[in-house]
Amino acid sequence: MDITRCLATVDLLCTREFPAEYGRTDVGPGGPGWLAAALQISRDFWEDDGTAWEETVDQYEADRDGLSERLTDRWGPPHVISLASVLERSMEGEDIPEPWDWLAQHVPDVHLWRHPDAARWVALGVSQWDRELPFELLALATETDPP
């Protein structure tokens with residue numbers, strides 16, 4: 001992982017204007033009040049016996065934790081929160097505000113900070129849609145409070 005590039009992307013998410021409408025930007029998806037970026041994307045696991053998958057999940061969690069340590073130096077310790085209940089509430093039909101509905105569909109938990117100067121929440125999480133698909137280390141900035 002290129003930690004300098006990842007930190008620069010997080011800084012960009014904290015300062016860039018949010019898109020007026022939902023869609024893709026040059027860094028990733030976004031919409032009114034939020035912007036996200038895949039900081040790192042693994043290979044897929046279609047031909048894997050499970051060995052590479054296990055190594056990759058461990059590596060991505062370690063990379064998230066390493067980046068989290070660097071952000072902790074800046075902003076203090078994160079809140080580590082599960083998004084399982086947010087996903088469950090969404091699946092039951094509750095209207096969850098974006099980007100939290102989108103994020104809960106991607107990651108099971110996040111490291112979360114309130115940026116002291118930008119009035120934004122910053123979240124880090126590890127995403128994988130299905131066991132055969134790539135992992136993503138995601139960063140997100142939003143002005144919307146967590147549900």
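Read through the list (1) in contact (Cβ under 8 Å) with a residue 60 or more places away in the chain; (2) of a type in the set (A, V, I, L, M); (3) open to solvent by 70 Å² or more (accessible area, probe 1.4 Å), then give the number of the only condition that LEU103 fails.
Only one criterion in (1) in contact (Cβ under 8 Å) with a residue 60 or more places away in the chain; (2) of a type in the set (A, V, I, L, M); (3) open to solvent by 70 Å² or more (accessible area, probe 1.4 Å) is unmet by LEU103, namely (3).
For region 110-135, how many residues are open to solvent by less than 50 Å² (accessible area, probe 1.4 Å) and either of a type in the set (A, V, I, L, M) or under 17 Å from ASP58 (Cα atoms) (or both)?
Of the residues in that region, 13 qualify.
I'm told ASP48 meets every condition in (1) modelled with pLDDT under 95; (2) in contact with a helix residue (DSSP H, G or I) (Cβ under 7 Å, 6 or more places away or on another chain) except one. Can you identify the failing condition by its number?
(2)
Of a type outside the set (S, T, N, Q) and modelled with pLDDT under 95: is that true of GLY66 in this structure?
no
Would you be able to say whether some residue in region 58-78 is in contact with a Ser or Thr (Cβ under 8 Å, 6 or more places away or on another chain), open to solvent by less than 40 Å² (accessible area, probe 1.4 Å) and closer than 23 Å to GLU132 by Cα?
Within region 58-78, one or more residues are in contact with a Ser or Thr (Cβ under 8 Å, 6 or more places away or on another chain), open to solvent by less than 40 Å² (accessible area, probe 1.4 Å) and closer than 23 Å to GLU132 by Cα.
Report yes if THR142 is surrounded by fewer than 12 Cβ atoms within 10 Å (Cβ to Cβ) and among the polar types (S, T, N, Q), otherwise no.
On the way: surrounded by fewer than 12 Cβ atoms within 10 Å (Cβ to Cβ): no; among the polar types (S, T, N, Q): yes.
Judged against the criteria, THR142 is not a match.
Is it true that TRP34 is surrounded by 12 or more Cβ atoms within 10 Å (Cβ to Cβ), of a type in the set (Phe, Trp, Tyr) and without any contact (Cβ under 8 Å) to a residue 60 or more places away in the chain? Quick ask: steps written out before the conclusion?
Working: surrounded by 12 or more Cβ atoms within 10 Å (Cβ to Cβ): yes; of a type in the set (Phe, Trp, Tyr): yes; without any contact (Cβ under 8 Å) to a residue 60 or more places away in the chain: no.
When the stated conditions are applied, TRP34 does not pass them.
Mind checking which pairs have a first residue in region 111-122 that is farther than 12 Å from HIS79 by Cα and touching a residue at least 60 places away in the same chain (Cβ under 8 Å) and a second that is among the hydroxyl-bearing types (Ser, Thr, Tyr) and buried (at least 21 other Cβ atoms within 10 Å of the Cβ), Cβ under 9 Å, 6 or more apart or different chains?
Sorted first by the residue in region 111-122, then by its partner, the pairs are ARG120/THR142.
The values are calculated or read from the model by the stated rules, or taken from the named source; none is laboratory data. Keep in mind that this is a model prediction, so the values were computed, not measured. In this analysis, Cβ positions are derived from the backbone assuming ideal geometry, glycine residues included, and neighbour counts consider all displayed protein chains. SASA here: full protein model, heavy atoms, side chains in, ligands and nucleic acids out. Shrake-Rupley method; radii C 1.70, N 1.55, O 1.52, S 1.80 Å.
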